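The values are calculated or read from the model by the stated rules, or taken from the named source; none is laboratory data. A quick note: this is a predicted structure, and the numbers were derived from the prediction, not measured. Using ideal geometry, Cβ is built from the backbone for each residue, glycine included, and neighbour counts are taken over all protein chains shown.
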Amino acid sequence: MAAVDLTQTIADLDKSLTSIEAVADLPKLRSEIAALEQEVAAPDLWDDQDNAQRVTSQLSAKQSEVDRLDGLRSRLDDAGLMLELADEEGDASVHDEVAGELQRLGKEIAALEVRTLLSGDYDPRDALITIRAEAGGVDAADFTEKLMRMYLRWAERHGYGVEVYDTSWAEEAGLKSVTFAVKAPYAYGTLSVEQGTHRLVRISPFDNQGRRQTSFAGVEVLPVTEETDHVDIPEADIRVDVFRSSGPGGQSVNTTDSAVRITHLPTGIVVSCQNEKSQIQNKAAALRVLQSRLLERARIEREKEMNALKGDGGNSWGAQMRSYVMNPYQMVKDLRTEHEVGNPEAVFDGEIDGFIDAGIRWRKQTETAAAE
C-alpha cells in the first residue's frame, strides 16, 4: 500500500475513533471512574457485599472501556509516527508493519463503531438472556445447550463476566431452559439483536436411523434492572416455592431445598434460580430476573400505547431469525440481514460478532426507515 494511501487510512481511522470517543464521552467516564474509586477505597465497602460487587463491577467495566479507547488512540498515534519515520528513512519493512497495524486497528475500530448505533434507553445495561428449547424434542434441548455455550464463549472471548441464574436440564440430553446475565457495557444493546427463534438442521445424533432433524430454540434478551428502575413487587403479588436443586440427568447438587421458584400472580410470569449457594441468594437472584421481565413488559406496553412497537423479537416458527445448517451443507445464515458464514462450528464456538454487528446495523436501518 502506498504511503499516501496509509496517510489517508490514518486520517479516516482518526475520524472514526474521534466520533466513538465523543459518543463514549470520555471526560464523563473518567469522572465516574474517579467517583467509583473513592467508593471502592471506603473501609466499610464490603459491609454490604451486594453493593460492593456492584461498585467494583461498574469500576472494572468503565475502566476497561477507557483503557480500550486509550489503547486504540495510542496505537493510532504510534502508527502515524512510524509512518513518518518510514517515509524519512525509506524503510519498506516499517512501512509494511504500519500497513498491518492499520489493518488490525481498522477491524477493532469498526467493531466499536457499531456501538455508536446503540441509543436505546436500556442499551448500556447488562443483558439477561433466557434460552428455551422449543419444537424438536431432545435435539431442541441439545441445541439449547449449544446456544448457551455459544454465548458463554462469546462473552469469554471479550472478557465479559457471566452469572448463571438457572439451568433446567432435559431428561435425555441438553437443557429445557437456561437463564444467565452477561455483565459488560452495552451488553443488552449488543445482544438484544439475538432475540428470536433460532433453527438447527442436522443429522440427529439421537436418531439411530441417522435422519436429518430440524429443531428450534427461543432466545429472549432483557435489560438487567438497576436501582433507579423502581420496579415495585409487593409480597402479596408473588408466590415463592422452594425445591431441591438438580443437575444433568436429575442428579442432586445438594441436599437442601435451596432452589427458588417465584410466580408473579398478576401476570403469571414464573422465574426460578437454583445456582446460588443459599435459598436467600436464589430468591434475590430470581427477584432480579422477575424485575427485568416486568421492566420489559412495561416497556412494551408503553410502546404499544405510542403505536411504536418494534416487534416481539420473534417467538414463533414464522419469526425465525437465524438458521444453523449442518446437513446437507454447512452454513449459518441470519434471515433478517442475509449475513452468513460457512463454518457452523466456529459460530457455536462464539464467533458471532459478524452476526451481531449486522443485526445492529439492520435494526438501525429499519428504525430509520420507519421514522421517515
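Odds and ends about this structure:
- Some residue of region 18-39 being touching a residue at least 40 places away in the same chain (Cβ under 8 Å), in the same structural domain as Ser74 (by TED's automatic domain parsing), over 16 Å from Tyr186 (Cα atoms) and not charged (D, E, K, R): yes
- Region 20-32, subset modelled with pLDDT of 85 or more, surrounded by 16 or more Cβ atoms within 10 Å (Cβ to Cβ) and of a type outside the set (D, E, K, R), residue nearest to Leu105 (Cα to Cα): Ile20
- Qualifying residues in region 129-142 (those that are closer than 24 Å to Gly189 by Cα and not charged (D, E, K, R)) - the one surrounded by the fewest Cβ atoms within 10 Å (Cβ to Cβ): Thr130
- Residues (at pLDDT 95 or above and outside any loop (DSSP other than H, G, I, E, B)) located in region 332-354: Val332, Lys333, Asp334, Glu340, Val341, Pro344, Glu345, Ala346, Val347, Phe348
- Among all positions in region 158-172, there is at least one residue which is assigned to a helix (DSSP H, G or I) and assigned by TED's automatic domain parsing to the domain that holds Thr214.
- Of the candidates Val114, Val40, the single residue that is under 25 Å from the mean Cα position of the chain (by Cα), among the β-branched types (Val, Ile, Thr) and assigned to a helix (DSSP H, G or I) is Val114.
- Within the set Ala284, Ala217, the sole residue that is surrounded by 12 or more Cβ atoms within 10 Å (Cβ to Cβ), of a type in the set (Gly, Ala, Ser), closer than 27 Å to Gly189 by Cβ and modelled with pLDDT of 90 or more turns out to be Ala217.
- Sole exception among (1) among the aliphatic types (A, V, I, L, M); (2) closer than 30 Å to Ser19 by Cβ; (3) part of a helix (DSSP H, G or I) for Val182, by number: (3)
- Test: residue in region 114-127 that is touching a Leu at 6+ places or on another chain (Cβ under 6 Å), touching a residue at least 40 places away in the same chain (Cβ under 8 Å), within 27 Å of Val55 (Cα to Cα) and of a type in the set (A, V, I, L, M, F, W, C): yes
- In region 39-80, the residues that are charged (D, E, K, R) and either within 19 Å of Val23 (Cβ to Cβ) or surrounded by 12 or more Cβ atoms within 10 Å (Cβ to Cβ) (or both): Glu39, Arg54, Lys62, Glu65, Asp67, Arg68, Asp70, Arg73, Arg75, Asp77, Asp78
- Residue ID - modelled with the highest pLDDT, chosen from residues in region 355-372 that are over 13 Å from the mean Cα position of the chain (by Cα) and among the β-branched types (Val, Ile, Thr): Thr366
- Of all the listed residues (Asp232, Asp237), the sole one being at pLDDT 70 or above and either loosely packed, with under 12 Cβ neighbours inside 10 Å or not assigned by TED's automatic domain parsing to the domain that holds Val341 (or both) is Asp232.
- Filter result (within 24 Å of Ala110 (Cα to Cα) and in contact (Cβ under 8 Å) with a residue 60 or more places away in the chain) within region 322-350: Arg322, Val347, Phe348, Asp349, Gly350
- Filter pass, Ile109 being under 24 Å from Val271 (Cβ atoms) and of a type in the set (Val, Ile, Thr): no
- Among residues of region 51-77, those that are without any contact (Cβ under 8 Å) to a residue 12 or more places away in the chain and of a type outside the set (Gly, Ala, Ser), counted: 6
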